[in-house]
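What follows is one structure encoded as structure tokens, with my remarks underneath.
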């Protein structure tokens with residue numbers, strides 16, 4: 001996707017020059033976490049990679065968290081992101097579900113922090129607005145938009161598409177597309 005020169009210039013100033021900037025997007029969950037890296041430079045945005053980290057239902061919570069930690073550490077080492085962006089926790093009716101999601105997010109955030117990667121958080125509606133134009137977009141719509149925006153040959157897996165959308169939101173925001181920037185967490 002090509003951006004107007006003024007937007008690209010703003011992104012480059014944010015990044016301290018013309019070096020490409022890699023953003024890790026994270027759609028955290030215990031059983032199926034999406035990770036995606038998008039790179040922004042003077043030429044626009046470019047897909048780097050996306051994957052889904054899966055944990056088998058038979059694994060205990062502690063084993064799942066270790067798997068998430070190890071997979072995220074390996075992914076960060078391989079792709080060397082400059083920043084990370086997470087989707088905020090949406091309203092959960094079940095307190096246990098919220099607690100488990102918090103564990104998964106915490107492990108991944110700790111990996112990023114230990115690697116010196118600043119972490120930002122975006123509400124789900126903001127991610128949908130930035131990438132699909134509407135705050136209540138369906139997962140299929142997010143997949144299709146990521147395929148189009150990042151010139152992917154096929155639809156990405158749902159959680160990987162959400163991770164890419166979160167990374168794209170961070171790039172859009174730091175390129176001057178918002179008046180209410182996210183704070184580092």
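May I ask you to sort 166, 100, 108 by Cβ crowding, counting other Cβ atoms within 10 Å and putting the fewest first? Intermediate results must be reported in sequence, preceding the final value.
On the way: 166 32, 100 18, 108 27.
Listed from fewest to most nearby Cβ atoms, that is 100, 108, 166.
Would you work out the relative contact order for the stretch 5-175, in percent, from Cα pairs under 8 angstrom that are 6 or more residues apart? Spell out each step's value before the answer.
Details: 314 pairs, mean separation 52.5, N = 171.
31 percent.
What is the calculated FRET efficiency for residue 70 to residue 138, with r their C-beta to C-beta distance and R₀ = 25 Å, to the nearest 0.05?
0.20
Per 10 Å bin, what is the whole-percent P(r) computed from every C-alpha pair distance within the stretch 5-175?
11, 40, 36, 11, 2, 0
Where Rh is the Kirkwood radius over the Cα pairs of the stretch 112-152, the temperature 20 °C and the viscosity 1.002 mPa s, what D in µm²/s does Stokes-Einstein return?
Values: Rh = 11.6 Å.
Translational D for this selection: 185 µm²/s.
If every alpha-carbon in the stretch 86-156 counts as one equal scatterer, what log10 I(q)/I(0) does Debye give at q = 0.13, 0.19, 0.23 1/Å?
Log10 of I(q)/I(0), two decimals: -0.52, -0.96, -1.05.
All of the numbers you see were taken from the coordinates with simple rules; none came from a lab. No experiment lies behind these values; they were computed from the predicted model shown. Every residue, glycine as well, gets a Cβ built from its backbone with ideal geometry; the counts of neighbours run over all protein chains shown.
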